[in-house]
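Trainee: Provided herewith is a single structure, encoded as structure tokens, for subsequent inquiry.
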Amino acid sequence: MRELERETVGFYSRKEVLRIAICAKCGLPKELCVCETIAKEAQKVRVYVIQRRFGKYMTIIKGIDTAKIDVRELLKKLKSKLACGGTYKNEEIELQGDHRSRIRSILVGEGFPESIIEID
Ligand SMILES: [Zn+2]
């Protein structure tokens, strides 16, 4: 943080530097930083439904870049918005039930571009 502060002093007054949050990846102020947006655009997110034991449906979400996106936080939001159970394992989000009709708008609401979401 000290290093970043020193670098940006040339562009902002000391007072401003103190209240601007700086992105650790690109060094830009958070309001200009697009690191997370880029991370979300770089991948394809695939959604499909499988049938488990006893005929139960599961919605599977694959292709979330877990190195860049907080998948546990995303899972928490999905579970709460869809009012269902779910887990994250083997690089996949599993949600109980068939949520294909609502998942796209929820993912778009979380910042994923519509163009990268593929729903089977
Ligand atoms: Zn950044």
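Trainee: Kirkwood Rh over alpha-carbon pairs of the stretch 40-119, then Stokes-Einstein at 37 °C and 0.692 mPa s: what D in µm² s⁻¹, rounded to an integer?
Mentor: Diffusion coefficient, whole number: 261 µm²/s.
Trainee: While we're on this one: Could you name the lysines whose alpha carbon sits less than 20 Å from that of Lys25, not counting residues in the same chain fewer than 8 places away?
Mentor: Straight-line reach from Lys25, under 20 Å: Lys40, Lys68.
Trainee: Okay, next question. Once the other residues with Cβ under 11 Å from the Cβ of Gly85 are scored (Lys, Arg +1; Asp, Glu -1), what is the net sum?
Mentor: Spelling it out: positives minus negatives among the neighbours equals +1.
Read-outs: derived from the displayed coordinates by stated rules, not from any lab. In this text the structure is predicted, and so the values were computed from the model without any measurement. Counting neighbours? That spans all protein chains shown, and the Cβs are built from the backbone with ideal geometry, glycine included.
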